[in-house]
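So the structure is just underneath, and the comments pick up after that.
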Amino acid sequence: MPASNPAEQVATKVPFDCLVLGGGPGGMTAAIYLARMNRKALLIDGGCSRARLIPRSYNHPGFPGGVKGRDLLGRMREQMAELGVSVVDGDVTGLEKTTDGFFQMDIDGRPVFGQNVIFATGLEDNLPPFEDAADLVSSGYLRICPICDGYEIAGRPVAVIGSTLRAVAEARFLKTFTTSIAIVTLGEVPGWDEATDAELRDEGIAVVEQELLTLSRTETGELDLLFEDGSRMNGVVLYTALGVRPRSRIAQQIGVRLEEDGRITTGPHQETNVDGCFAAGDVVTGLNQLGVAMAHGEVAAVAIHNRLRNGTG
């Protein structure tokens, strides 16, 4: 069974081969691969994996009928337990490199040490200002990934929340799955020019600038929207396109290079510019998908194994 805390390592300051920061699919895949290469990994789980909000993913290979995000995380936790991976449920409050070349990570005030670090910290979605926004996501009424579930729209009308070009791009992407699309700005003035307005009209994408008064859940997974001027949109599949916030603060703290949007820059083996630091999953620039995060974790784990095997990390 995995250790509930790294007390023995803290007491002796014996470093782990790798500290994996993040308990989502990317981080857990890395820990599983490291364990299967007989490497000692510690996984720190802050309990905020984006995957936990997935009501059911139908596009993740190998799961006919789909898989719930929490179920997938639970199965991966079970697999780590079988391999004896040490897990700490907690938050990382600091990270630094020691004079002897190891990484010291403070977890809720407790220090642990490692020869390598994988940042699999993910990102957080900017959700609309609804009181129950997170519950709407986890219950499937508010969607955040058209790549994941656009296929399930099946021609139903769609509304995309947003007032920036991000919302425009998402609305255009969704035209693959339906012909009835509107952008709902929630009372915000659209942040695009008149030329884009004209293009949207030509493309049949409506723009609703009225404030939203209420939304009501239907029994079939859609929402009914009532706007300030009394107009309604009934039975719509609702997406949000308000952007994301990468969880890269700890990585930046140790000098890891970030992109303009705050995501971590990596090389072909998921390495960062800081020797011994790697990154995987949604916090890395690229496609936000379960399979991509897992692949990142696999690549990073093998790279770290080879560093240790060659005596370079």
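ARG166 meets the conditions (1) within 30 Å of GLY27 (Cβ to Cβ); (2) of a type in the set (Lys, Arg); (3) touching a strand residue (DSSP E or B) at 6+ places or on another chain (Cβ under 9 Å) in every case but one. The failed one is (3).
Every residue in the stretch 236-293 that is hydroxyl-bearing (Ser, Thr, Tyr), touching a Lys or Arg at 6+ places or on another chain (Cβ under 6 Å) and open to solvent by less than 20 Å² (accessible area, probe 1.4 Å), please.
If we filter the stretch 236-293 for residues that are hydroxyl-bearing (Ser, Thr, Tyr), which is where we start, we get 239-240, 248, 265-266, 272, 285.
Then drop every residue that is not touching a Lys or Arg at 6+ places or on another chain (Cβ under 6 Å), which leaves 239, 265, 285.
The one that is hydroxyl-bearing (Ser, Thr, Tyr), touching a Lys or Arg at 6+ places or on another chain (Cβ under 6 Å) and open to solvent by less than 20 Å² (accessible area, probe 1.4 Å): TYR239.
Within the stretch 275-300, residues that are more than 24 Å from GLU96 (Cα to Cα) and touching a residue at least 40 places away in the same chain (Cβ under 8 Å) have Cβ atoms under 6 Å from residues that are surrounded by fewer than 24 Cβ atoms within 10 Å (Cβ to Cβ) and among the hydroxyl-bearing types (Ser, Thr, Tyr) in these pairs: GLU298/TYR33, counting only partners at least 6 apart in sequence or on another chain. Residues of the stretch 96-131 that are within 26 Å of ALA303 (Cα to Cα), open to solvent by 10 Å² or more (accessible area, probe 1.4 Å) and in a strand (DSSP E or B): GLU96, LYS97, GLN104, ASP106, PRO111, PHE113.
Out of the residues in the stretch 188-222 that are in contact (Cβ under 8 Å) with a residue 40 or more places away in the chain and within 28 Å of the chain's Cα centre (by Cα), state the one that is surrounded by the fewest Cβ atoms within 10 Å (Cβ to Cβ). Give the derivation first.
From the stretch 188-222, those in contact (Cβ under 8 Å) with a residue 40 or more places away in the chain are 208, 215, 217, 221-222; that's our starting set.
So of that shortlist, the ones also within 28 Å of the chain's Cα centre (by Cα) come out as 215, 217, 221-222.
Details: LEU215: 19, ARG217: 14, GLY221: 16, GLU222: 20.
Going through the qualifying residues, I end up with ARG217.
Listed here are the helices (runs of 4 or more DSSP H) enclosed by the stretch 7-89 that have at least 3 residues being free of Cβ contacts under 8 Å to residues at least 24 places away in the same chain: 7-12, 69-83. Just the residues that are among the polar types (S, T, N, Q) and under 14 Å from ILE161 (Cβ atoms), please, taken from the stretch 203-235. Once the filter is applied, which keeps residues that are among the polar types (S, T, N, Q) and under 14 Å from ILE161 (Cβ atoms), the stretch 203-235 yields only GLN210. The one condition from (1) surrounded by 18 or more Cβ atoms within 10 Å (Cβ to Cβ); (2) closer than 22 Å to GLY65 by Cα that GLU170 does not meet is (2).
The values are calculated or read from the model by the stated rules, or taken from the named source; none is laboratory data. None of these values were measured; they are calculated from a predicted model. As a convention, Cβ positions derive from the backbone with ideal geometry for all residues, glycine included, and neighbour counts pool all protein chains shown. Protein only, heavy atoms only, side chains kept; ligands, DNA and RNA dropped before computing areas. Shrake-Rupley method; radii C 1.70, N 1.55, O 1.52, S 1.80 Å.
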